[in-house]
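The values are calculated or read from the model by the stated rules, or taken from the named source; none is laboratory data. What you are looking at is a predicted structure, and each value in this text was computed from that prediction instead of being measured. Ideal geometry is used to build each Cβ from the backbone, glycine not excepted, and the neighbour counts take in all protein chains shown.
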Amino acid sequence: MKLLYFAKIREILGRSDETISLPPNILSAGDLIDYLMDLDDIYKTAFSDKRFFIAVDEEFVEMDFIIKNSKEIAIFPPVTGG
Amino acid sequence: MKLLYFAKIREILGRSDETISLPPNILSAGDLIDYLMDLDDIYKTAFSDKRFFIAVDEEFVEMDFIIKNSKEIAIFPPVTGG
Amino acid sequence: MIKIRIQSEAFNIENEIKEISRSKLNGATVSFIGSVRDLKSENLKNLEIEHFPKMAEKVLEKTAQYAFKNWNLSQCIIIHRYGKLKIADPIVLIITSSPHRKEAFKANEYIIDFLKTNAPFWKKENTEKRSYWVNQKN
Amino acid sequence: MIKIRIQSEAFNIENEIKEISRSKLNGATVSFIGSVRDLKSENLKNLEIEHFPKMAEKVLEKTAQYAFKNWNLSQCIIIHRYGKLKIADPIVLIITSSPHRKEAFKANEYIIDFLKTNAPFWKKENTEKRSYWVNQKN
């Protein structure tokens, strides 16, 4: 599964994307975030303020969205364009 | 007193302006319109549908506005600019 | 800054916006362009716009001043054309600039609404069949 | 007609409006330009705009399509820039054209409001003192 990071989250993590393999018990987007935050403190720093959104296939999804079979997941802070 | 006409009213009257002397009993803008309509049928044609506005010193005025000492009075149909 | 122009010549929106000083541009710039339509689908040959110059200038100036104060604008430009125009030719340009987009939008819409019923301009349409003065709507 | 562009280059509003075919212009054309401000008065050196290209394209396209149908537009153009910009540089251009001005205004304001909270672009301000990511407002 490919993860994409943008803006402040990309800067905190020090990478714009990475490919990970998830354990079978990780089903939802919320599970993914919890999993990453347990994996390394750097994810805690990136996600702990809860100011982030998740997009699967370029569509916003909620935390209970099932990502088990998703190929590409983007995690980014609130948008500030326009 | 100078009268200015615009658009359809100018076309009906066949003139864009004229100078008239009013009898002393003509006080308001409404009096002026009545006076003109009595004067000549062409003014009846121009004003009888009541679709006109009056401006004194480039400001819209109501029919009861006292025009006795005004120098320039414009009479024109509803505006359609913009 | 307020700028009012009544002219027969065409205008260029890019040039008007470029002219606004960089510090005055202020984030949100809304523009409105009203242009000539073939309202009755009678093959419009041209549109003639007549106006009452002195009063038109006054009305545009006052409208811009009111909008400027009421919606805290940094910039307000109104250009209105007169004379003979063709289909799709621009008639009026209104530019409102403000730190906040809501105010730039509101001011702009107020100005065009007000002008439509208060600025002394009149449109006459010349189609292939006939000529007639446009009636006021809304 | 709907046109979406995401680019680092500047745009020219006159050229964009001129490109709209004459028959499609349809009377009322509203434009919105959002440009770079010195929000904190800290002598902004530049503004960097980062974006998620594939998703940004999708969001702009869908937003334009929704506005196009909902307000009966004849034309809808959205251009959003990315990369390094300076004070007063234009960031976003939205053009909505319609037979009725109310609809052109409403559609335009809807699009910019929606983009501000849904299009994946992020602004980073580099001032003389520091660099920081802009926080989302309203």
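May I ask you to verify whether C:E103 is modelled with pLDDT of 95 or more and crowded, with 19+ Cβ neighbours inside 10 Å?
yes
Taking the condition of being more than 19 Å from the chain's Cα centre (by Cα) and buried (at least 18 other Cβ atoms within 10 Å of the Cβ), how many residues in segment C:106-132 meet it?
Residues in segment C:106-132 being more than 19 Å from the chain's Cα centre (by Cα) and buried (at least 18 other Cβ atoms within 10 Å of the Cβ): 0 in total.
Look through D:V30, D:V59 and report the one residue that is away from chain C (no Cβ under 14 Å), in contact with a helix residue (DSSP H, G or I) (Cβ under 6 Å, 6 or more places away or on another chain) and not acidic (D, E).
On inspection, the qualifying residue turns out to be D:V59.
Within segment D:73-111, which residues are more than 10 Å from chain C (Cβ to nearest Cβ), in a loop (DSSP other than H, G, I, E, B) and touching a helix residue (DSSP H, G or I) at 6+ places or on another chain (Cβ under 6 Å)?
Residues satisfying the conditions are D:L73, D:S74.
Give the residue, chosen from C:E57, C:E50, C:E14, C:E19, that is surrounded by 15 or more Cβ atoms within 10 Å (Cβ to Cβ) and at pLDDT below 95.
Being surrounded by 15 or more Cβ atoms within 10 Å (Cβ to Cβ) and at pLDDT below 95 holds for just one of C:E57, C:E50, C:E14, C:E19, which is C:E14.
Consider A:L22 carefully, then state whether it is among the aliphatic types (A, V, I, L, M), farther than 14 Å from A:P78 by Cβ and part of a loop (DSSP other than H, G, I, E, B).
Values: among the aliphatic types (A, V, I, L, M): yes; farther than 14 Å from A:P78 by Cβ: yes; part of a loop (DSSP other than H, G, I, E, B): yes.
Yes; evaluated as a whole, the condition is true for this residue.
Taking segment C:112-138 as the search range and keeping residues that are touching a residue at least 24 places away in the same chain (Cβ under 8 Å), at the interface with chain B (Cβ under 9 Å from one of its Cβ atoms) and part of a strand (DSSP E or B), which one is farthest from D:F32 (Cα to Cα)?
The extreme case among them is C:K124.
Which of the residues spanning segment A:16-55 are over 12 Å from the mean Cα position of the chain (by Cα) and over 21 Å from A:T80 (Cβ atoms)?
Matches in segment A:16-55: A:S21, A:L22, A:P23, A:P24, A:N25, A:I26, A:L27, A:D38, A:L39, A:D40, A:D41, A:I42.
From the list C:I49, C:I17, C:I6, which residue is touching a helix residue (DSSP H, G or I) at 6+ places or on another chain (Cβ under 9 Å) and more than 8 Å from chain D (Cβ to nearest Cβ)? Quick ask: steps written out before the conclusion?
Details: C:I49 fails: touching a helix residue (DSSP H, G or I) at 6+ places or on another chain (Cβ under 9 Å); C:I17 fails: more than 8 Å from chain D (Cβ to nearest Cβ).
It is C:I6.
Kindly indicate whether B:D64 is farther than 24 Å from C:G83 by Cα and either within 12 Å of the chain's Cα centre (by Cα) or surrounded by 15 or more Cβ atoms within 10 Å (Cβ to Cβ) (or both). Break it down stepwise before answering.
Numbers: farther than 24 Å from C:G83 by Cα: yes; either within 12 Å of the chain's Cα centre (by Cα) or surrounded by 15 or more Cβ atoms within 10 Å (Cβ to Cβ) (or both): no.
No: the conditions fail for B:D64.
Can you tell me which residue is nearest to the other protein chains (Cβ to nearest Cβ) among those in segment A:38-80 that are farther than 15 Å from A:R10 by Cα and in a helix (DSSP H, G or I)?
Among residues in segment A:38-80 that are farther than 15 Å from A:R10 by Cα and in a helix (DSSP H, G or I), the one nearest to the other protein chains (Cβ to nearest Cβ) is A:L39.
Condition first: under 17 Å from C:L60 (Cα atoms) and touching a Ser or Thr at 6+ places or on another chain (Cβ under 8 Å). Now tell me which residues in segment C:78-89 satisfy that.
Once the filter is applied, which keeps residues that are under 17 Å from C:L60 (Cα atoms) and touching a Ser or Thr at 6+ places or on another chain (Cβ under 8 Å), segment C:78-89 yields C:I78, C:R81, C:Y82.
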